[in-house]
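Scroll down for the structure; my scribbles are underneath it.
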Amino acid sequence: MEKEALRIVYMGTPDFAVSSLDALVEGGYNVVGVVTMPDKPAGRGYKIQYSPVKRYALERGLPLLQPEKLKDPSFLDALRAWKADLQIVVAFRMLPEVVWDMPRLGTFNLHASLLPQYRGAAPINWAVMNGETETGVTTFFLTHEIDTGRIILQERLPIAATDDAGVVYDALMEMGARLVTRTVDKLLDGSAETVPQEAFRIPPHGLHPAPKIFTETCRIDWHEPEEAVYNRIRGLSPYPAAWTELVAPDGCRTVMKVLCTERTGNVSDAAPGTVRTDGRTYFEVVVPGGALRILSLQLAGKKRLPVTDFLNGFRLSEEYRVE
């Protein structure tokens with residue numbers, strides 16, 4: 001079958017999913033419809049905002065469905081009417097069997113990890129937070145259990161010690177788009193050979209999960225070792241961002257997001273959370289075994305700033321601490 005004849009339905013929502021959809025459209029593949037999340041109010045004015053995938057679909061004139069419930073009979077009827085040969089899912093929702101089993105070639109998902117490692121909602125963040133030196137993208141067929149289906153293709157990406165989650169996200173987004181089209185090509189020519197995830201070697205430490213990240217996940221524990229704190233901050237940057245409380249000498253507390261740090265090599269006997277600063281050029285926080293120098297931050301209700309700009313407008317002293 002030629003790629004122009006293969007009827008594809010694409011499902012996705014955020015920016016990460018737009019690159020793969022664009023690769024399919026620009027590559028001449030026959031995307032007959034797009035499914036994305038319903039519109040939701042966002043921002044201070046609670047204005048209705050379209051998902052990035054919806055915006056792209058509208059710009060390209062692609063048929064669009066936005067179901068509230070994936071088992072709704074009217075949605076299922078509309079989906080069947082597209083007569084998809086293949087469905088592709090990138091950063092969407094968990095699908096019921098009635099949806100993923102609908103096309104004759106099945107439904108495959110692009111996941112931002114080297115499965116079976118980092119199954120779950122936040123694989124990029126957790127890989128960086130855990131100090132991994134490598135991650136990647138995987139395409140696999142959907143089945144009943146989330147992120148457990150037979151693997152079609154994988155591609156690996158090194159993680160530098162200075163990379164944050166945003167850097168890895170951007171790299172995997174582009175890598176994933178290429179892997180999606182490669183996967184479709186292999187399904188078209190019949191050369192796809194799938195492998196069960198059980199066949200992959202499980203390391204001695206076992207599998208790392210990648211659960212959804214909550215507010216408390218992002219709170220910095222300055223009593224953790226230097227490397228763990230450093231990795232948590234970069235693994236949550238730029239979004240949702242690690243946070244702490246900046247405590248003034250009078251006890252007043254201000255929530256502060258920490259977006260970028262570097263390890264100094266400085267060793268101190270001071271208590272974790274102790275602030276070291278000259279009030280003009282640097283802002284360090286003591287952690288067990290060292291100190292982290294904050295390079296950019298964001299106070300609650302304010303914009304992100306380089307530390308020098310922050311110090312120019314905030315009278316920070318060593319009487320402050322972070323908790």
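The values are calculated or read from the model by the stated rules, or taken from the named source; none is laboratory data. The model shown is predicted, which means the values in this text are computed figures rather than measured ones. A quick note on method: Cβ atoms are made from the backbone with ideal geometry, for glycine too, and the neighbour counts reach across all protein chains shown. Heads up: the accessible areas ignore ligands, DNA and RNA and are worked out on the full protein's heavy atoms, side chains in. Shrake-Rupley method; radii C 1.70, N 1.55, O 1.52, S 1.80 Å.
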Can you put Ser74, Ser191 in order of accessible area, largest first, using a 1.4 Å probe?
-> Ser74, Ser191
Residue pairs, from the table Lys71/Lys186; Lys40/Lys69; Lys54/Lys257; Lys212/Lys257; Lys54/Lys303; Lys47/Lys302, whose Cα atoms sit over 24 Å apart = Lys71/Lys186; Lys54/Lys257; Lys54/Lys303
Sequence order, the stretch 15-20: Karplus ³J(HN,Hα) from phi using 6.51 cos²θ - 1.76 cosθ + 1.60, θ = phi - 60°, Hz rounded, Gly and Pro as x, gives 3, 3, 7, 5, 4, 5
Among DSSP beta bridges whose residues both lie in the chain, state the antiparallel percentage, nearest 5.
-> 70 percent
Dipole in debye (nearest 20) - the chain, about Cα centre, beta carbon charges: Lys, Arg +1; Asp, Glu -1 = 820 debye
Given the protein chains as shown and a 1.4 Å probe, how many square angstrom of Glu68 are accessible, to the nearest 10?
-> 140 Å²
Over the chain: helical MRE at 222 nm, DSSP H runs n ≥ 4 each giving -39500 (n - 2.57), nearest 500 | -7500 deg cm²/dmol
Give the carbon-plus-sulfur fraction of the accessible surface of the chain in %, rounded to a whole number; probe 1.4 Å, heavy atoms of protein chains only.
-> 51 percent
Roughly speaking, what is the stretch gain from Tyr239 to Lys212, that is 0.36 nm per residue apart minus the C-alpha to C-alpha distance, in nm to one decimal?
-> 8.4 nm
Share, in percent, of DSSP beta bridges within the stretch 1-145 that are antiparallel, nearest 5 | 30 percent
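Rank-order 244-253, 106-115, 172-181 by packing density, defined as the average count of other C-beta atoms within 10 Å over each peptide's residues, highest first.
Highest-to-lowest ranking by the protection proxy: 106-115, 172-181, 244-253.
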Under a 1.4 Å probe, counting only protein heavy atoms, Arg156 has an accessible area in Å², nearest 10, of 140 Å²
Treating the angle as unsigned and between 0 and 90°, give the value, to the nearest 10°, between the Cα long axis of helix 226-235 and the longest Cα principal axis of the chain.
-> 40 degrees
Rel. contact order, % - alpha carbon contacts under 8 angstrom, at least six apart, the chain | 13 percent
Probe 1.4 Å, all protein chains in place: accessible area of Asp189 in Å², nearest 10?
-> 110 Å²
Rounded accessible area per residue of the stretch 102-151, 1.4 Å, Å² | 34 Å²
